[in-house]
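Below: one structure, written as structure tokens.
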Amino acid sequence: MPPDRLDASPRLTLLGTRVDLVTPAEALRLMRQFATDGDVHHIITLNPEFIMAARNDDAFRSVIEKADLVLPDGIGVIWASRLYGHPLRERVTGVDTVRALARFAAEHHLRPFLLGAAPGVAEEAARILQAENPGLEIAGTYVGSPRIDEEDAIVSLVRAARPDFLFVAYGAPKQDLWIARNSERLHVPLSMGVGGTFDFIAGKAQRAPAWMQRAGIEWLHRLIQEPWRWRRMLALPRFALWVLIERCFQRR
């Protein structure tokens, strides 16, 4: 049976970084519980770039380890799970998760707050989410930045809005370090770093066609759209190489 609590779901450690082996449906079930259990929770969407960054950043790796749920985003994580004998069929992507939570919020009178991205992007993403989900109330949107000297003002703004969900689009690792530093005083039941999700929802960036997503080459589509990302994309072959090396040593 699918897990109905986090400690029932299996975990995998990839190059020293934890990931929870959940399907999209299982992840959504857990996050629905998080939204109403009276505590604060931090959700991370993990991809190979995160894992390679965490190898060189102890603070980021610690934040991932302490998060309430680490979602298997990125086709490289799915490939690695199969190599380690814990095959996952599907990614749990930030875009799909935000849209699923927006549907849940509209049905249960919960309110998300959209923080980050470029000026105007969060507002457009909020408008589209409301159009997709009649009755959805957006608690607020704000650009801001992950700079420490802005934290008090942003925390005050978010607390005054009293959202149920907080989606933070400052990019990794900044967005998740920001959430980890501020989650206790934000008092938001569920906070999640979402990277470029607002850009995709707002139409500022185009998701790969479904066939490219199924084939595991969504990264190529994004690289064609945003060639300046090529340096960051180098994390993908480095990740694959280190996973193969680690797996070989484990087998020996």
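What follows is calculated from the coordinates using simple rules that are stated; it is not laboratory data. Computed from a predicted model, the values in this text were never measured in an experiment. In this analysis, Cβ positions are derived from the backbone assuming ideal geometry, glycine residues included, and neighbour counts consider all displayed protein chains.
Placing dummy labels 7 Å off each Cα toward the beta-carbon, the span from Ile245 to Asp149 is 4.0 nm.
Express the C-alpha Rg of segment 6-202 as a ratio against the empirical globular expectation 2.2 N^0.38 Å, rounded to two decimals.
Values: Rg = 15.8 Å, N = 197, 2.2 N^0.38 = 16.4 Å.
This ratio for segment 6-202 stands at 0.96.
Using a Förster distance of 25 angstrom, determine the FRET efficiency expected from the C-beta separation of Arg89 and Gln130, and round it to 0.05.
Details: r = 31 Å, r/R0 = 1.26.
According to the calculation, E is roughly 0.20.
Seen from all directions on average, segment 148-191 presents a Cα convex hull projection of 2.8 nm².
DSSP beta bridges in segment 6-202, what fraction antiparallel, as a percent rounded to 5? Could you put the intermediate results ahead of the total?
Values: 4 of 23 bridges.
Expressed as a percentage, antiparallel bridges in segment 6-202 total about 15.
With a 10 Å radius around each residue's Cβ, average the other Cβ atoms per peptide and rank 161-168, 240-247, highest first.
Values: 161-168: 23.0, 240-247: 14.8.
Order by mean packing, descending: 161-168, 240-247.
Scattering from segment 1-103 was approximated by placing one identical point on each alpha carbon and applying the Debye formula without solvent; log10 I(q)/I(0) at 0.21 1/Å stands at -1.14.
Expressed as cubic angstrom per residue, what is the convex hull volume of the alpha carbon set of segment 100-199?
On the way: hull volume 8.3 nm³, N = 100.
Each residue corresponds to 83 Å³ of Cα convex hull volume.
Give the value in nm², to one decimal: projected area of the alpha carbon convex hull of segment 130-171, averaged over all directions.
Orientation-averaged projected area of the Cα hull: 3.6 nm².
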